[in-house]
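The values are calculated or read from the model by the stated rules, or taken from the named source; none is laboratory data. In this text, all values refer to a predicted model and were calculated from it rather than measured experimentally. Cβ placement follows ideal geometry from the backbone for every residue including glycine, while neighbour counts extend to all protein chains displayed.
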Amino acid sequence: MPGFLQEVAADLYDRYGDDISSLSVLFPSRRARLFFIDALSGIAERPLWQPRWTTIDELMSEISGLRIGDRVRLVTELYKVYSEFHPESFDKFYFWGEMLLTDFDTIDKYLIDADMLFRNLADIKELEADVSYLSPVQLKIIAFWANFTDETSLSEEKRRFLAVWQTLGPVYRTFRERLRSLGMAYTGMVHRAAAERIKAGGFAFPESRRFVVAGFNALSECEKRLFKFLSTAAETDFYWDYDTYYTDNADQEAGMFLRENRILFPARRELSHDHFRSPKRIEAISTVSNAVQCKYVASILRELAAEQGPLGKETAVVLTDENLLLPLLHALPAAGLLHHVAGEDEERDRQQDELAAGRGAQTGKHAHDGVQGLTSALHQDSAYAGHAQADGDGCAEGQQQHKDTQ
């Protein structure tokens, strides 16, 4: 059964043929690109150039004219602003600064009114005057903040906590102004600037562009505005990876984002599946410890290899705890399930860089052996990382986990 990326590659090659190199392709992850290339190499009739690769961040930077700064530099600049309001050492601030920068990033990506969010919550009466826009969950949150309204009864810890919250608005605005003067920005700031410029009609591509957007799931408000712009300002094909069990039933919350995406951005071709209802073999095995669990994984994989032949990218090992990765890797070579790739790292890294940069690595049946050698090494890398992607299916999983909090 073909996977999602195989179906996308087949549809694009049928439509564009060798002209597929003129497309700009957006995937949620770099790994999806590699499996797409692998799928394309299996159907191309002769060597051809890769499509152009781009990302959400690259497009947002192009539209906004801003560049994303280094994470450590951003936290450092945030500390300089924060220390103007609250005296605190940098080593104590750093962890808090990372969280604060992430919050600012989310605020901008979802086009949240920062002034409304950071209003003085000590004056709860102001919020009580108009709460019609709040959901039941948000009303419960307000009940929590009621504990901070009586300043005469506040402990020193609560006073400090409230003082920090009351200054987040000025910190947010001052921080953005400082970054703008330095010619840099954090990711959310770039996305917001791009979305605002799109809304104002202040940007147009200098030449005709053709885009392919595939495998996304939960979208931020800025990403929705970008995709709407691409659908009107350029020739854009959308492909959504989903299971009908989730999208056809409105009661399934897991399909909420994809149901919305299919309405806002209709797919060039529906690539739906019903894997959830298909028969499955599930076994629950009890072990006395996590170490024994990792040892038993090697035994399970050995049995699968004996039943089905050599295991490839269709096989995934999913760990619930990332701390189990090293014990698992120590267990797998003992079972002869991993191939030693020492000495190939330098050449593989060079090939990966060429693929990621889109520097014209060839694909097609004539170049298939070279691509297969590369993808074999990449599959081995996936095994060392503790898992392998099944034909690129569900390439939006990472993004779903990142944005499920929406």
**Prompt:** Limited to the range 202-229, what total is found for residues that are farther than 21 Å from Ala9 by Cα and not hydroxyl-bearing (Ser, Thr, Tyr)?
**Reply:** 16
**Prompt:** All but one of (1) touching a residue at least 40 places away in the same chain (Cβ under 8 Å); (2) of a type in the set (Val, Ile, Thr); (3) surrounded by fewer than 19 Cβ atoms within 10 Å (Cβ to Cβ) hold for Ile282; which doesn't?
**Reply:** (1)
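State whether the residues of the range 97-108 include one that is farther than 21 Å from Ser220 by Cβ, within 29 Å of the chain's Cα centre (by Cα) and at pLDDT below 95. It would help to see each step written out before you state the result.
The first filter runs over the range 97-108 and keeps only residues farther than 21 Å from Ser220 by Cβ, leaving 97.
Now drop any that are not within 29 Å of the chain's Cα centre (by Cα), which leaves 97.
Right, trim to at pLDDT below 95 and you get 97.
Checked against the condition, which is being farther than 21 Å from Ser220 by Cβ, within 29 Å of the chain's Cα centre (by Cα) and at pLDDT below 95, the range 97-108 yields at least one hit.
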**Fill in**
Picked from the range 230-245 (must be surrounded by fewer than 17 Cβ atoms within 10 Å (Cβ to Cβ) and out of contact with any Lys or Arg (no Cβ under 7 Å at 6 or more places or on another chain)), the residue farthest from Arg209 (Cα to Cα) is Thr244
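Please specify each residue of the range 288-331 satisfying the condition of being of a type outside the set (Val, Ile, Thr), closer than 24 Å to Phe35 by Cβ and out of contact with any His (no Cβ under 8 Å at 6 or more places or on another chain).
If the condition is that a residue be of a type outside the set (Val, Ile, Thr), closer than 24 Å to Phe35 by Cβ and out of contact with any His (no Cβ under 8 Å at 6 or more places or on another chain), then Leu301, Leu304, Ala305, Gln308, Gly309, Pro310, Leu311, Glu314, Glu322, Leu325, Leu328, Leu329 are the ones that fit.
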**Fill in**
The number of residues in the range 299-324 that are exposed (fewer than 10 other Cβ atoms within 10 Å of the Cβ) and within 24 Å of Leu5 (Cα to Cα) is 3
**Asked** For Phe144, are the conditions met, namely being modelled with pLDDT of 70 or more and out of contact with any strand residue (DSSP E or B) (no Cβ under 8 Å at 6 or more places or on another chain)?
**Response** no
**Inter-residue pairs, beta-carbon under 8 Å, first hydroxyl-bearing (Ser, Thr, Tyr) and in the range 241-256, second assigned to a helix (DSSP H, G or I) and surrounded by fewer than 15 Cβ atoms within 10 Å (Cβ to Cβ), 6+ apart** = none
**Fill in**
When the range 82-102 is checked residue by residue, the ones that are in contact with a helix residue (DSSP H, G or I) (Cβ under 7 Å, 6 or more places away or on another chain), more than 16 Å from Gly188 (Cβ to Cβ) and assigned to a helix (DSSP H, G or I) are Tyr82, Phe90, Phe93, Tyr94
**Message:** Regarding the range 58-65, can at least one residue be identified that is of a type in the set (A, V, I, L, M), at pLDDT 90 or above and in contact with a Phe, Trp or Tyr (Cβ under 6 Å, 6 or more places away or on another chain)?
**Reply:** yes
**Item:** Of all residues making up the range 306-322, the number that are more than 22 Å from the chain's Cα centre (by Cα) and free of Cβ contacts under 8 Å to residues at least 12 places away in the same chain
**Value:** 5
**Request:** Please find, within the range 176-207, the residue that is farthest from Glu253 (Cα to Cα) out of those that are touching a residue at least 60 places away in the same chain (Cβ under 8 Å) and not in a helix (DSSP H, G or I).
**Result:** Gly183
**Request:** Within the range 174-216, track down each residue that is surrounded by fewer than 24 Cβ atoms within 10 Å (Cβ to Cβ) and of a type in the set (D, E, K, R).
**Result:** Arg176, Glu177, Arg178, Arg180, Glu196, Arg197, Lys199, Glu207, Arg209, Arg210
**Fill in**
Only unsatisfied item for Glu223, checking (1) out of contact with any His (no Cβ under 8 Å at 6 or more places or on another chain); (2) under 30 Å from Ile112 (Cβ atoms); (3) crowded, with 17+ Cβ neighbours inside 10 Å, is (1)
**Item:** Residues located in the range 23-47, provided they are surrounded by 21 or more Cβ atoms within 10 Å (Cβ to Cβ) and touching a Gly at 6+ places or on another chain (Cβ under 8 Å)
**Value:** Phe27, Pro28, Ala32, Phe35, Phe36, Ala39, Ser41, Ala44
**Prompt:** Just for the range 27-73: of the residues that are within 17 Å of Ala214 (Cβ to Cβ) and assigned to a strand (DSSP E or B), which one is farthest from the chain's Cα centre (by Cα)?
**Reply:** Arg52
